[in-house]
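Notes follow once the structure below has been shown.
The values are calculated or read from the model by the stated rules, or taken from the named source; none is laboratory data. On a predicted model such as this, the values are computed, not experimentally measured, just so you know. Cβ atoms come from the backbone with ideal geometry, glycine included; neighbour counts cover every protein chain shown.
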Amino acid sequence: MVKSTKTQSNHYLRRDVLRIGGGVALAAPFVGRAWAETTEINMLAWYGHGEPDMVGAFEEANNVKFVPKYYAGGDNMLALIAQSPPGTYDIILSDAEFVQQLNAAEYIEPLDANDYPFDDMLHEDFTKFPGHWDGDTLYSMILRGGHLGVSYNTTAMSAEEASSYQGFWKPELAGKVGHFDWHLPSLGMMSLKNGNGAGLWDLSDAQWEAVQETTMSLRPQVGGYFDYGGTFNGLKNGEMLAMCGIGDWITGVLERDGAPVASVIPKEGGIQFTESYCIGRGSGKADLVKSFIQYMMSPEGQVKSAQMLAYPGFCVTKAGRAMLQEVDPKEAARSHQMDGMANDPIALINEGRIHYRDIPQQQSLEDWNDFWSEYKNA
Amino acid sequence: MSAPRRLNLYALTWRLPIILWQLMFFVGPVLFMVAISFFVVRNYRMTEAFEFVNWEKMLTRGYFWDSYWYTLFIASLSASVAMLVAFPAAWALAFRASDNLRRWAVFLLVIPFFTSYLVRTFSWYVILAESGVLNAMLGYIGLGPFKMLNTHFGTVVGYLTLTLPLAVILQTVTMANIDKTLIEAARNLGCKPLATIWRVVLPLSRTGFIVAALFCFILAFGDFVAPFYLGGSQEPTLPILILDTTKSGQQWPRAAVVAIMMMLTLFTVAFTAIALAYRKPAGSR
Amino acid sequence: MQGRGLNIILALYVALIFTFIFAPILFSLVFSFNSQRFPTIPLGEFSTEWYVKIFNDPDVWQAVRNSLIVSSSTAVLGTALGFCTAYSDFRYNFRFKGPYLALILLPPTIPLIIMALAMLAWLSRIGLSGQLWSIILAHSVLTAPFAMAIIRLRLHQMDPDLEAAAWNLGGNEWQAMRHVILPFCAPAIVSALCLTAAVSFDEFAVAWFVSGLNKTVPIVILEIVQGNIDPQVNAIGTFVFLTSMTLVILAQAIFISRQIKSHS
């Protein structure tokens with residue numbers, strides 16, 4: 001109730017701002033903005049999380065301004081925090097498997113579980129997500145997830161060929177298989193291909209050896225290693241016909257744009273990336289950040305996350321999913337977020353075909369990264 | 001202040017600030033990086049230490065040396081290509097163009113330095129793609145499509161974007177400064193045009209040419225944009241290796257090792273080049 | 001005799017080289033007005049969508065403001081440093097002059113990625129990283145050699161007796177500096193200011209590393225290229241191009257016109 005009046009008044013405010021704004025748009029940046037007392041919230045996140053489509057409405061309603069710094073990969077995120085004074089980042093969007101390390105390094109504040117809708121989760125795993133809790137203390141709030149599998153150009157590969165990681169080795173794809181330039185998802189997929197299933201991160205020396213061999217045998221197929229932008233372009237313009245290490249989070253955006261690409265979870269299983277919010281240790285704006293996280297966990301916020309322009313992620317709350325089906329049935333259908341639909345992400349988890357992305361258990365991250373450099377150079 | 005020979009306040013005013021400034025913000029960082037290469041990383045945190053593990057680890061890695069030789073090779077290659085491709089154009093501008101035309105040409109060649117290199121690279125991406133502009137044009141005359149992105153070719157095109165304008169400018173300026181009477185004298189003595197280039201123009205422009213080549217090499221050697229976006233990181237060059245290393249588990253000390261190796265290489269190349277450039281000609285003609 | 005045919009071939013060759021150099025700039029301009037989100041051939045419709053987008057994005061404006069602050073401060077600092085060195089080199093001979101000059105001339109020979117790494121490590125060590133002026137500090141070191149080169153060239157044109165004459169007329173060194181050297185160097189100083197500003201305006205590697213949360217225009221470009229790539233890059237690029245060009249043309253006009261005057 002309170003909420004709706006608030007948003008309404010925002011609409012008025014917004015209209016006024018737009019009207020007046022037109023005239024002063026050019027001068028404004030130089031004289032400082034009219035609402036100069038705006039609080040700034042520093043955000044460390046993957047690309048897109050601090051863009052207007054995600055935070056714009058919250059910014060207007062609460063007179064805050066997000067200042068995002070974008071990273072690529074959990075290692076990169078840790079490095080950025082380590083190089084900044086404590087308290088630099090108020091909110092950190094982390095991949096779930098790195099929360100534990102954020103916590104161990106004392107970079108994040110504990111959260112109060114009562115602040116968040118844990119009774120409304122779509123899957124029970126989400127309530128006690130690995131690494132997010134230390135005993136009974138919550139350190140990170142799960143926001144969204146996405147599944148990684150075989151991403152391919154539908155004109156170059158059939159859905160059947162894509163239904164196994166073996167598809168990457170298709171002779172016609174030589175030089176046309178791209179890698180997302182991060183070792184965890186790609187090597188995880190190779191581990192799945194080797195049949196390690198749920199133990200994909202927990203590799204004995206022999207299994208690790210085998211994963212390296214499998215990976216190396218893919219090398220002749222590989223046409224390049226790309227960051228987010230490169231992956232996008234590569235798939236879009238046909239430079240790459242299949243991509244290892246990604247999923248719907250990239251092909252989904254291209255699909256929305258009409259490109260002939262798709263992602264499937266192959267029979268060996270898929271990997272889930274999970275993105276969670278943490279409050280930076282030493283942040284003076286913890287209360288504001290808390291209300292932002294609450295907002296993103298509300299149905300409205302969950303819908304924003306599902307529709308995020310940079311890359312989509314599925315809803316984790318029941319109310320969020322229900323609202324998505326109501327307000328954007330097209331996106332709900334595209335991303336299979338309908339009960340009973342084939343490849344419904346939650347159903348895939350229930351069927352045991354999805355494994356949460358994690359860090360290597362028996363080797364160190366460094367070993368994996370070392371091998372990755374070697375692989376790129378081979 | 002009145003005695004001009006002593007090192008006085010006036011002289012110090014011009015000399016001292018820059019020494020302090022450069023010590024603080026140039027020598028400081030570089031030396032600190034050397035120190036970092038001996039630090040160790042524990043639990044994602046850099047800890048001060050004096051250990052050789054990083055050096056040992058990097059220098060015994062096959063992939064480091066693969067990257068090293070590849071970077072050396074591709075940077076030398078692109079510097080040579082830039083120099084060769086630039087030469088006829090520079091020769092034409094230096095000897096066949098009017099002063100006015102030459103001034104305009106040099107001015108135009110300066111322009112690229114003031115456009116965003118990233119934006120230019122991104123343009124190349126679109127031009128070189130398999131479904132891109134160049135292949136579309138080649139398609140009209142029945143050729144292609146050629147795979148140009150994510151190849152060595154792509155990388156070299158990227159480097160040339162950076163180095164070719166510089167090579168043309170430096171070569172043009174160098175050759176334009178040659179005393180024209182020397183060339184005429186050679187002609188009058190019956191020297192053929194190509195022989196004139198070889199025996200008169202090149203020796204006289206040696207310094208300028210070596211400096212130009214050196215700059216091309218330095219720019220290509222240290223650039224990560226071209227090999228990453230146009231070469232698809234295969235194989236990764238040293239700058240890409242540096243980025244990869246900093247991305248992985250906070251391994252700044254190892255990245256520092258790579259950086260120091262790069263600097264040592266560059267200094268060696270630069271000193272050799274400069275020595276060659278300013279060496280007295282062996283024997284006179 | 002063989003002159004004309006050769007001239008035509010050479011002219012064509014020069015045109016080809018210029019095409020190679022300017023193709024990416026022209027295409028960037030074209031794509032900035034192209035409606036497609038992912039630029040491919042054939043082109044989509046003419047559209048100013050991307051310009052509207054960047055002009056309505058407060059983050060882009062903030063970045064422009066940051067870039068202006070950084071490049072103008074860098075210009076002043078870098079040019080001041082360059083002038084000091086150029087003048088010292090011109091006026092004095094002293095022990096360790098070689099190392100002294102190396103100190104200021106070496107930075108451009110070090111790859112930017114290495115400078116970036118070293119700068120961030122060092123500046124965060126001494127507590128100066130993550131600020132807008134961290135970029136200024138780093139850029140001043142990177143750009144000073146360019147300023148030094150331009151000003152040194154100008155000083156080279158000066159009659160060394162001119163300064164001495166001023167002393168003889170009863171002025172002390174400071175007055176000679178103020179009334180003789182500085183006015184003489186003025187055009188070179190202005191050129192150096194423009195050049196250093198332009199170099200700083202486009203530098204992204206060092207800036208990305210040391211800036212923390214402060215974004216300059218090239219950092220915004222880098223983020224779009226790495227992230228949700230779209231033709232806003234081209235629109236911003238065109239804008240940057242126009243800004244830098246204005247600076248360069250100003251520098252060129254001032255420097256060249258003075259040079260011509262000084263020759264006549």
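Structure data summary
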| read-out | value |
| --- | --- |
| Count - residues of the stretch B:101-125 that are free of Cβ contacts under 8 Å to residues at least 60 places away in the same chain and either outside any helix (DSSP H, G or I) or among the polar types (S, T, N, Q) (or both) | 3 |
| 3 or more residues surrounded by fewer than 23 Cβ atoms within 10 Å (Cβ to Cβ): qualifying helices (runs of 4 or more DSSP H) within the stretch B:179-277 | B:180-188, B:193-196, B:206-222 |
| Residue that is nearest to residue A:222 (Cα to Cα), among those in the stretch B:118-164 that are facing chain C (nearest Cβ under 7 Å) and not hydrophobic (A, V, I, L, M, F, W, C) | B:131 |
| Yes/no for residue C:126 being without any contact (Cβ under 8 Å) to a residue 24 or more places away in the chain, over 23 Å from residue C:67 (Cα atoms) and in contact with a Gly (Cβ under 9 Å, 6 or more places away or on another chain) | yes |
| Answer residue from the stretch C:55-103, given it is more than 24 Å from residue C:134 (Cα to Cα) and polar (S, T, N, Q) and is farthest from the other protein chains (Cβ to nearest Cβ) among those | C:93 |
| Test: residue in the stretch B:24-43 that is free of Cβ contacts under 8 Å to residues at least 12 places away in the same chain, more than 10 Å from every other protein chain (Cβ to nearest Cβ), among the aliphatic types (A, V, I, L, M) and on the phi < 0 side of the Ramachandran plot | no |
| Test: residue in the stretch A:159-178 that is in the same structural domain as residue A:366 (by TED's automatic domain parsing), surrounded by 18 or more Cβ atoms within 10 Å (Cβ to Cβ) and within 19 Å of residue A:369 (Cα to Cα) | yes |
| Test set (1) more than 8 Å from every other protein chain (Cβ to nearest Cβ); (2) part of a helix (DSSP H, G or I) - residue C:36 fails condition number | (2) |
| Matching residues, the stretch A:63-78, being touching a strand residue (DSSP E or B) at 6+ places or on another chain (Cβ under 8 Å) and of a type outside the set (Ser, Thr, Tyr) | A:63, A:64, A:65, A:66, A:67, A:68, A:69, A:72, A:74, A:77 |
| Failed condition for residue B:168, given (1) at the interface with chain C (Cβ under 10 Å from one of its Cβ atoms); (2) more than 27 Å from residue A:377 (Cβ to Cβ); (3) surrounded by fewer than 21 Cβ atoms within 10 Å (Cβ to Cβ); (4) at pLDDT 90 or above | (3) |
| Members of the stretch B:126-155 found to be under 21 Å from the mean Cα position of the chain (by Cα), assigned to a helix (DSSP H, G or I) and touching a residue at least 40 places away in the same chain (Cβ under 8 Å), listed by number | B:152, B:154, B:155 |
| Residue satisfying condition, being at the interface with another protein chain (Cβ under 8 Å from one of its Cβ atoms), aromatic (Phe, Trp, Tyr) and closer than 30 Å to residue A:82 by Cβ, within set C:174, C:122 | C:122 |
| Residue match in the stretch A:84-97 (condition: surrounded by fewer than 19 Cβ atoms within 10 Å (Cβ to Cβ) and over 26 Å from residue C:223 (Cα atoms)) | no |
| Tally, over the stretch A:211-222, of residues that are farther than 16 Å from residue A:183 by Cα and touching a strand residue (DSSP E or B) at 6+ places or on another chain (Cβ under 9 Å) | 1 |
| Failed condition for residue C:156, given (1) crowded, with 19+ Cβ neighbours inside 10 Å; (2) more than 10 Å from chain B (Cβ to nearest Cβ); (3) in contact (Cβ under 8 Å) with a residue 60 or more places away in the chain; (4) over 22 Å from residue B:118 (Cβ atoms) | (1) |
| Single residue of the stretch B:50-70 satisfying the filter (loosely packed, with under 14 Cβ neighbours inside 10 Å and not in a helix (DSSP H, G or I)) that is nearest to the chain's Cα centre (by Cα) | B:60 |
| Residue within the stretch A:307-322 that is closer than 27 Å to residue C:227 by Cα, surrounded by 23 or more Cβ atoms within 10 Å (Cβ to Cβ) and not assigned by TED's automatic domain parsing to the domain that holds residue A:116 present | no |
| Selected residue (criterion: farthest from the other protein chains (Cβ to nearest Cβ)) from residues of the stretch A:185-240 that are crowded, with 23+ Cβ neighbours inside 10 Å, part of a loop (DSSP other than H, G, I, E, B) and hydrophobic (A, V, I, L, M, F, W, C) | A:200 |
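Residues are listed down the side, and each one gets a yes or a no for (1) farther than 30 Å from residue A:239 by Cα; (2) touching a Leu at 6+ places or on another chain (Cβ under 8 Å); (3) more than 7 Å from every other protein chain (Cβ to nearest Cβ); (4) not charged (D, E, K, R):
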| residue | (1), (2), (3), (4) |
| --- | --- |
| B:199 | yes, no, yes, no |
| B:204 | yes, yes, yes, yes |
| B:213 | yes, no, yes, yes |
| B:221 | no, yes, no, yes |
| B:254 | yes, no, yes, no |
| B:266 | yes, no, no, yes |
| B:271 | yes, no, yes, yes |
| B:279 | yes, no, yes, no |
